[in-house]
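Following: one structure in structure tokens, then a few remarks.
The values are calculated or read from the model by the stated rules, or taken from the named source; none is laboratory data. Just so it is clear, the model here is predicted, and its values are computed rather than measured. Cβ sites come from the backbone with ideal geometry, for glycine too, and all protein chains shown count toward neighbours. What goes into the accessible areas is simple: the full protein's heavy atoms, side chains included, and nothing from ligands, DNA or RNA. Shrake-Rupley method; radii C 1.70, N 1.55, O 1.52, S 1.80 Å.
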Amino acid sequence: MRTPVGVFDSGFGGLSVLRELRRVLPQVDYTYLGDSGRAPYGGRDLDTVLDFAEQCVERLFAEGCRVIVVACHTVSCVALRHLQTRYAASEQRVLGVTIPAAEAAVAQTRGHIGFIGTARTVASHTFRTETAKLAPSVRVSEVAAPLLAPIVEEGWEQTEIARLAVERYVAQLDGIDTLVLGCTHYPLLRATFAQCVPSDVHVLDPAAFVAQRFADWLARHPEFAPATGGKLRVLSSGDTARFARHAARFLGEEPPPIERVAEFRGRLTFASEENEPSGQFVRA
Ligand code: DGL
């Protein structure tokens, strides 16, 4: 049975990965889930990230997907092995972005890679671990940048605030030749990163490489050939109007109408009410 490819992220940042997937494999059908009602994930504790990641994967399976690309670096770095162990039965696959990112960086570097991501991503050191497997002599310096995803979420990537924050973070990465953007929000700050690093440092957004590796994977796994027709569905657990406003910046095209996934007592549900509660509440 041919089904859409599922893609998920903590919010709308993963649309920057979906954009590349649609560029490389435009004929494929995709169902994207952005857990924007609970984003950002990057500063959350491990159990919460595992729990949210499970819920997103389960929801995409319930939507009929058999193959899921975890676009979120935070989830890929800390929860991918868990998701693969728990869900990747013979009929299902869960793939991540960290190994393709490490492969792209190793192919590019002259010996010293800088990696920038969320606090949880950097604390995992998963990118460094995967790079060491591919190229043990390559040095990896990592820096956590918890301010950057919220700045992009505000749409402030062209501002002085963004430039100062990027400048301050990359100043911690001395002597690198390649800078990996290890968060789905950072491609929108690419020009700012390029301004703030020496001109001979290559700024690498791994999304294009992720998409190419996914195309290679599909070619090797014809049993997982996806549904085609180029259809796109976008689901979000957050404010759908806000999601729609931001989506085009990441996706590079107008998204279809955003379908709401309501959260109830910490679980994603199949309800879709739009009402934003206001005022005070007393739990019975
Ligand atoms: N999507 C997340 C990532 O790529 C960034 C935002 C967050 O902290 O949730 O790591």
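Can you tell me which residue among ARG163, ARG120, ARG128 is within 15 Å of the ligand (Cβ to nearest atom), modelled with pLDDT of 95 or more, open to solvent by 30 Å² or more (accessible area, probe 1.4 Å) and over 20 Å from VAL7 (Cα atoms)? Lay out the reasoning, then the answer.
Details: ARG163 fails: within 15 Å of the ligand (Cβ to nearest atom); ARG128 fails: within 15 Å of the ligand (Cβ to nearest atom).
ARG120 is the lone residue from the list that is within 15 Å of the ligand (Cβ to nearest atom), modelled with pLDDT of 95 or more, open to solvent by 30 Å² or more (accessible area, probe 1.4 Å) and over 20 Å from VAL7 (Cα atoms).
Given the criterion buried (at least 23 other Cβ atoms within 10 Å of the Cβ) and at pLDDT 95 or above, identify the matching residue among VAL97, VAL106.
Being buried (at least 23 other Cβ atoms within 10 Å of the Cβ) and at pLDDT 95 or above holds for just one of VAL97, VAL106, which is VAL97.
Just name the residue that is surrounded by the most Cβ atoms within 10 Å (Cβ to Cβ) out of those in the stretch 70-89 that are within 15 Å of the ligand (Cβ to nearest atom) and polar (S, T, N, Q). Here the residue is THR74.
Filtering VAL57, VAL143, VAL67, VAL49 for residues that are in contact with a Phe, Trp or Tyr (Cβ under 8 Å, 6 or more places away or on another chain), within 13 Å of the ligand (Cβ to nearest atom) and open to solvent by less than 10 Å² (accessible area, probe 1.4 Å) leaves a single hit, VAL49. Looking at the stretch 17-43 only, could you name the residues that are modelled with pLDDT of 95 or more, open to solvent by 40 Å² or more (accessible area, probe 1.4 Å) and either within 14 Å of SER237 (Cβ to Cβ) or part of a loop (DSSP other than H, G, I, E, B) (or both)? Result: PRO26, GLN27. Looking only at the stretch 221-245, filter to residues that are out of contact with any helix residue (DSSP H, G or I) (no Cβ under 8 Å at 6 or more places or on another chain), hydrophobic (A, V, I, L, M, F, W, C) and farther than 10 Å from PRO255 by Cβ; which one of those is modelled with the lowest pLDDT? Among residues in the stretch 221-245 that are out of contact with any helix residue (DSSP H, G or I) (no Cβ under 8 Å at 6 or more places or on another chain), hydrophobic (A, V, I, L, M, F, W, C) and farther than 10 Å from PRO255 by Cβ, the one modelled with the lowest pLDDT is ALA241. When LEU189 is tested against (1) surrounded by fewer than 21 Cβ atoms within 10 Å (Cβ to Cβ); (2) at pLDDT 95 or above; (3) within 18 Å of the chain's Cα centre (by Cα), just one condition goes unmet, and that condition is (1).
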